[in-house]
Amino acid sequence: MSDSTVQQGALKYEGKAKKMFETQNPDQLLVVYKDDATAFNGEKKGAITGKGKVNAEISARLFQYLESKGVPTHFIEQTAPGHMLVKAVTIVPVEVIIRNVATGSMHKRLGVTEGRVFQQPVLEFCYKNDALGDPLVNDDHVIVMEWATPEQLLTIRQLAKKVNDLLKPLMLKMGLTLVDFKMEFGLYQGQVILADEISPDTCRLWDVTTGRKLDKDRFRQDLGEVEEAYQEVMGRMRKVLAE
Ligand code: 5GP
């Protein structure tokens, strides 16, 4: 299928990095990835040339890989560069973060030495709410706020760990350490599935040999060569996940 067979309908939602359009099928949405970049809950704004297309391709390849390994995702197909047809889910308003190495907000919050490699992945939940600064929450919050049932929460935990178990070795083949990443899950026809995106916007990826950051931290920390870093990840992924 191509964009010519998917009818782009009304704008349903516009986020910081993506627009979502209705299609002729009420169960499917068209996601258009944007070049806009934001950080620190929207305080820092900018654009990364070509990011939309790169992130759409990286996410598409990762979703296809994960599906092939038994992880249900919202991905249907990439209909054009930067465009992705997905299942229309009800998003669980929780960011699911997995950390393999200490850095970022965990380093700031707990004072743990940056770069410390954990003996097991750390899973965190944050409430998706920019006005509140995406606060850290625990399983009890998720349940009493009725963001997910206990059963759905268990599935989210299991799927998040499985995604990490699959992506860590894949990234290693690409010469990258999967330091940490953020996932979002949605409900589709009663099932919990992986949604949103997995890309250098939502992951920390460090070159195994040099430690060079190849992710959104280049934008957040004004490190320069942001586009190049995203392209580098896509190039390595194309080689490892060759069609
Ligand atoms: P931290 O909590 O250290 O800032 O982020 C942990 C990981 O989750 C990083 O890989 C980061 O990119 C991702 N992450 C956390 N919150 C967000 C968010 O609101 N947007 C995006 N794009 N990534 C996030």
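Descriptive notes on the structure:
- Selected residue [open to solvent by 70 Å² or more (accessible area, probe 1.4 Å) and within 27 Å of Met145 (Cα to Cα)] from Thr113, Thr90: Thr90
- Scanning region 179-202 for residues that are open to solvent by 80 Å² or more (accessible area, probe 1.4 Å), more than 26 Å from Lys128 (Cβ to Cβ) and either within 13 Å of the ligand (Cβ to nearest atom) or at pLDDT 95 or above (or both) turns up nothing.
- Residues in region 66-119 that are within 14 Å of the ligand (Cβ to nearest atom) and of a type in the set (Ser, Thr, Tyr) were compared, and the one that is farthest from Pro26 (Cα to Cα) is Thr103.
- If the condition is being open to solvent by 50 Å² or more (accessible area, probe 1.4 Å) and within 13 Å of Val233 (Cβ to Cβ), then region 209-223 contributes only Arg212.
- Sole exception among (1) out of contact with any strand residue (DSSP E or B) (no Cβ under 9 Å at 6 or more places or on another chain); (2) of a type in the set (A, V, I, L, M, F, W, C); (3) under 22 Å from Asp215 (Cβ atoms) for Leu136, by number: (1)
- If you filter region 1-35 down to residues that are closer than 21 Å to Glu232 by Cβ and free of Cβ contacts under 8 Å to residues at least 40 places away in the same chain, you find that the one that is least open to solvent (accessible area, probe 1.4 Å) is Lys34.
- Looking only at region 128-152, residues that are outside any loop (DSSP other than H, G, I, E, B) and either without any contact (Cβ under 8 Å) to a residue 40 or more places away in the chain or open to solvent by 80 Å² or more (accessible area, probe 1.4 Å) (or both) come to 10 in all.
- Screening the candidates Thr155, Thr209 for the property of being more than 28 Å from Gly42 (Cβ to Cβ), modelled with pLDDT of 95 or more and either part of a loop (DSSP other than H, G, I, E, B) or of a type in the set (Phe, Trp, Tyr) (or both) yields one hit, Thr209.
- Residue in region 100-107 that is assigned by TED's automatic domain parsing to the domain that holds Asp196, in a helix (DSSP H, G or I) and open to solvent by 70 Å² or more (accessible area, probe 1.4 Å) present: no
The values are calculated or read from the model by the stated rules, or taken from the named source; none is laboratory data. All of these numbers come straight from a predicted model, not from anything done at the bench. FYI the Cβ positions are ideal-geometry reconstructions off the backbone, even for glycines, and counts take in every protein chain you see. When the accessible area is computed, the model is the full protein with side chains, heavy atoms only, and any ligands, DNA or RNA have been set aside. Shrake-Rupley method; radii C 1.70, N 1.55, O 1.52, S 1.80 Å.
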